[in-house]
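> I'd like to ask you about the structure that follows.
The values are calculated or read from the model by the stated rules, or taken from the named source; none is laboratory data. This one's a predicted model, so the numbers in the text were calculated from it and none came from an experiment. Cβ: placed from backbone, ideal geometry, glycine included. Neighbour counts: every protein chain shown. The accessibility values were calculated without ligands, DNA or RNA, using every heavy atom of the protein model including side chains. Shrake-Rupley method; radii C 1.70, N 1.55, O 1.52, S 1.80 Å.
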Amino acid sequence: MHTEINPPSAGFAWQSSCCKNRPLSLTPTLAGGQAFRWRKDKDGIWWGTAGRHIFAFWKPEDNARSNLYWQTWPELNRREVVEDYLQLNVDTEALLEEWSRAAPDCAETLHRYEGARVLRQHPLECFTAFQCATCNTVMKIERSVEHLARGYGEIAEAAGRKFYLFPTLDVLAQMDEGYLRAGLWGYRAPRVIALAQYMRMKPFNWLELLRKLPYTEAKRELQKLNGIGPKVADCICLFALDKPEAVPVDTHVRKIAGRLFGEKYTLGSLTENKYNEIALLFHEKFGQYAGWAQQALFLAERERAAAGRLQ
DNA sequence: GCTTAACCTGGACGC
DNA sequence: GCGTCCAGGTTAAGC
């Protein structure tokens, strides 16, 4: 019989949500390379922001189905905001069964990462952060995005702690290139500022409006922007624009495709045709939520690559 | 339509 | 300590 462990006392009242049928693991979800500003404190509490909301999350480690404990600021007890951000409405249990039938070879891996959920992020932060992802490492992306937020984000407070909200488009458009370069943005610095300036000429809330378009149209719109290629566009579609069918094909996903669909997908340059072919094969195998399956397989592949480097 | 080089830079690794 | 390579890509030029 399982005994629930109580969350640490942190100076505020926790709320809880049941994850029995909606598995959730905080580490692979919050530190799995889809969002870059979540931090875990010494008590194991994850702190982060999304839009104007500040969140605290806590769960017993290694138990995807135990209750999630949470709180929100500045308005307390915003259950619907938490469930929206973590997409707790998505029945991953049913998806796991479907994927396991379609890809028995991947079933063990998919079950191991059953708690790795895809977040529903604030579009502008996701859009900006992934511009930093080109030819970079997760650790450096985290530092870069944090540097940007600390330099230009509005300060907010929750439970006696200080947070930096992600800047607005108007603020991003006026950032200093030198400041960004000092924060590891490198050659991406002028591009991210220029893109913010260009985006200001688009209709108000243009990024949010892409949520209403079909996946292929939203992706096409993003790829019209200088600096946004197919991979970054797919990341934004999957992690912020409600497009669970988007499959970002990076070096890790390419290796997975090599094993699932044939070695030819790992050979030579990743041309746009090859990219689209891999994404289509994932879609055919894993269905409408192929991006969610991809995220679990990606985490396993990344872990495998890291273990290989340590040997 | 494919390949290649350039773009920044911290960290890991070998020597 | 130093040199080299790699890392969640994109773009433009050359073939």
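> Please list A:10-18, A:222-230, A:252-260, A:240-248 highest first by mean number of surrounding beta-carbon atoms within 10 Å per residue. Walk me through the intermediate numbers first.
Numbers: A:10-18: 13.6, A:222-230: 15.2, A:252-260: 19.0, A:240-248: 24.0.
Taking the mean over residues of other Cβ atoms within 10 Å, the ranking is A:240-248, A:252-260, A:222-230, A:10-18.
> As a test of the formula, what do you get for chain A when each DSSP H run with n ≥ 4 contributes -39,500 (n - 2.57) and the sum is divided by the residue count, at 222 nm and rounded to the nearest 500 deg cm²/dmol? Show your work: numbers first, answer last.
On the way: 15 runs with 146 residues, N = 311.
When only DSSP H runs of four or more count, the value is -13500 deg cm²/dmol.
> Filter the GluC sites (Glu not before Pro) in segment A:46-121 to those in DSSP coil with at most 11 other Cβ atoms within 10 Å of their Cβ, and list the result.
On the way: sites: A:61, A:75, A:80, A:83, A:93, A:97, A:98, A:108, A:114; in loops: A:61, A:75, A:114.
Those satisfying the criteria are A:61, A:75.
> Roughly how much of residue A:132 is accessible, in Å² to the nearest 10, using a 1.4 Å probe?
0 Å²
> While we're on this one: Mind ranking A:300-306, A:47-53 by how tightly packed they are, going by the mean number of other C-beta atoms within 10 angstrom, highest first? Present the calculation step by step, with values, prior to reporting the outcome.
Values: A:300-306: 15.1, A:47-53: 18.6.
Top to bottom by mean Cβ count within 10 Å: A:47-53, A:300-306.
> Same structure again: Tell me which residues come under 5 Å, amide H to amide H, from residue A:122 once H is placed; ignore anything under 5 positions away on its chain.
Correct list: A:51.
> In terms of modelled amide H atoms, which long-range or inter-chain residues lie less than 5 Å from the amide H of residue A:54?
Excluding prolines and chain starts, which carry no amide H, the hits are A:73.
> Express the accessible area of segment A:123-240 per residue in Å², computed with a 1.4 Å probe while the remaining protein chains stay in the model. Display every interim value, and only then the final one.
Details: 5520 Å² over 118 residues.
Ligands and nucleic acids excluded, the figure is 47 Å² per residue.
> Return the sequence-ordered ³J(HN,Hα) values of segment A:240-255 in whole Hz as given by the Karplus equation 6.51 cos²θ - 1.76 cosθ + 1.60 applied to θ = phi - 60°, using x for Gly and Pro.
9, 10, 6, 10, x, 7, 5, 10, x, 9, 10, 4, 5, 5, 4, 5
> Okay, moving on. Using the Karplus curve 6.51 cos²θ - 1.76 cosθ + 1.60 with θ = phi - 60°, what ³J(HN,Hα) values do you get for each residue of segment A:83-91, in whole Hz, with x for Gly and Pro?
In residue order, the calculated couplings are 5, 5, 5, 8, 6, 6, 6, 7, 7 Hz.
> Whenever you get a sec, line up A:135, A:237 from highest to lowest accessible area (probe 1.4 Å, protein heavy atoms). Intermediate values should be presented prior to the final figure.
Details: A:135 125, A:237 0 Å².
Descending order: A:135, A:237.
> Right, another one. By the scheme Lys and Arg +1, Asp and Glu -1, what is the net charge of all other residues having a beta-carbon under 11 Å from that of residue A:184? Can you show the working numbers first?
Details: positive: A:140, A:143, A:181, A:188; negative: A:142, A:146.
Its environment carries a net charge of +2.
> Report the Rg/Rh value for segment A:123-240, based on alpha-carbon coordinates and the Kirkwood definition of Rh. Don't skip to the answer; put the middle values down first.
Values: Rg = 14.2 Å, Rh = 14.7 Å.
Radius of gyration relative to Kirkwood radius: 0.96.
> With just the Cα atoms defining each centre, how far is segment A:216-259 from segment A:154-207? Give it in Å.
22 Å
> Heads up, I need the accessible area for residue A:231: 1.4 angstrom probe, whole protein in place, Å², nearest 10.
60 Å²
> In whole percent, how big is the carbon plus sulfur part of the accessible area of segment A:151-230, probe 1.4 Å, protein atoms only? Please report the intermediate quantities before stating the final value.
On the way: 2330 of 4410 Å².
Here it works out to 53 percent.
> Starting from the coordinates of the alpha-carbon atoms of chain A, obtain the Kirkwood hydrodynamic radius over all distinct pairs and give the value in Å to one decimal. Don't skip to the answer; put the middle values down first.
Values: mean 1/r = 0.0494 Å⁻¹.
Its Kirkwood hydrodynamic radius stands at 20.3 Å.
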